[in-house]
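To start, the structure itself, in structure tokens.
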Amino acid sequence: MPRSFRAISLIPAGALLAALAAGPLLAAPAYVGQWGGFGAGPGQFNWPRGCAVDAAGNLYVCDSGNDRIEKFSGDGVFLTQWGGYGTGDGQFKQNIGIAVSALGEVYVADLLGGRIQKFTSNGAFLLAWGTVGSGPGQFRNPAGLAVDAVGNVYVADQDNDRIQKFDGSGNFLAQWGGSGSGAGKFSGPSGIAVGDDGSVYVTDTGNSRVQKFAPGGAYLGQWGSFGNGPGQFIGPAGIALDPRGNVLVCDAYANRVNRFTPAGAFVERWGTYGNGPGQFNYNEGIAVDANGAIFVTDWHNERVQKFQGPPALAGGSAWTWAALAAALAGLAVARAARAGSDPSAPAAARSEPARVSRPPTVPARP
């Protein structure tokens, strides 16, 4: 919203001062660069999907169509790769999700292989677990992965509509979910992230929302609904946390990234459909390094884009947008009242997008 004295005058003074006291406002992340291109050579992609960063700032990308992992420096310099199509150790059948532990161990979700594989940071195979099925420790299209501070692994078990939790050696610890749209239920969960406090955030793709849980699966809250408005989703996919604890969500079908507070208050969004800098054509994976750099896999443009977001606040300062959200909500109501319109009504020129019932399934390899 452009700044103007008229707009500011519509915000209650107390709410505005409380918002400004909470911290500096975020600007949309600056575009830094991109790399990739279609192909099977080093640094090229065929369906780049999940991505993750390690403590040194290196980026790991699931090059799903090439059934491999590619590792880059934070500036996009190709470092190494591993994988290949198959069911053997270190091979993949459409690897889609990836996470890196604090120790640098790399976990990969093998979507059609129905298993999780664990590697060193340079791709040496360590172990694997899981088979296709619906029992504890089994999977039907494992998608998003996350690792908490103590090394536990969380898996978005997409077609079983649940989250499974394991220790770092693959021993089953817990599960929660089930098919549905109620609190704690899922319709094709695809992305997952864990906060510093252990909170688990899940993109519930078919229900167009994000759900938040305690480490053991207790339901804590949710936000989002189907639509094009701020804080709404068409097909939420990848999810990550920035250094300030804010939640970034790739709305892949809307070709944009949304940022929220840990409590789910909408902060900002950026991105449109296209192939230019800062545009996307199904942005699925997202990762954020310790300095606030944001990496997004741009699937159908066969590339990774890098943006620079805000770094961590000095001294662990609190970052809250609740007051600002309340102020802007008041502003929206006031402006709508002046115009004689309903602020909840969609723009007349906006067409209703098609609802996403489940995450996309990539055609099986012949």
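Note on Asn291 and Thr87: with the Förster distance fixed at 56 Å, the Cβ-Cβ geometry gives a FRET efficiency of about 0.90. For segment 19-164, what does the relative contact order come out to in percent, with C-alpha contacts under 8 Å and a separation of six or more? After rounding, I find 14 percent. Could you pull out every one of the lysines with an alpha carbon less than 29 Å from that of Lys93, ignoring same-chain neighbours closer than 8 positions? Lys93 reaches Lys71, Lys118, Lys165, Lys185, Lys306. Solvent-accessible area per residue in segment 192-263 equals 25 Å², computed with a 1.4 angstrom probe and all protein chains kept. Note on Leu79 and Ala218: the model spin-label points, each 7 Å out from Cα along the C-beta direction, lie 3.8 nm apart.
Straight-line reach from Lys212: which aspartates and glutamates fall under 13 Å, measuring Cα to Cα and dropping same-chain residues less than 8 apart? Partners found: Asp197, Asp204. Note: relative contact order over segment 84-233, using C-alpha pairs below 8 Å and six or more positions apart, is 13 percent. Length available on full extension from Phe125 to Leu103: 0.36 nm per residue minus the Cα-Cα distance, which gives 6.4 nm. Set the Cα radius of gyration of segment 35-149 against 2.2 N^0.38 Å, with N its number of residues, and you get 0.98.
Subtracting the Cα-Cα distance of Ala30 and Asn46 from 0.36 nm times their residue separation leaves 3.2 nm of extension gain.
The values are calculated or read from the model by the stated rules, or taken from the named source; none is laboratory data. For clarity, every value in this text was computed on a predicted model and none was experimentally measured. Positions of Cβ are generated from backbone atoms using ideal geometry, with glycine treated the same way; all protein chains shown enter the neighbour counts. The area values use the complete protein model at the heavy-atom level, side chains included, leaving out ligands, DNA and RNA. Shrake-Rupley method; radii C 1.70, N 1.55, O 1.52, S 1.80 Å.
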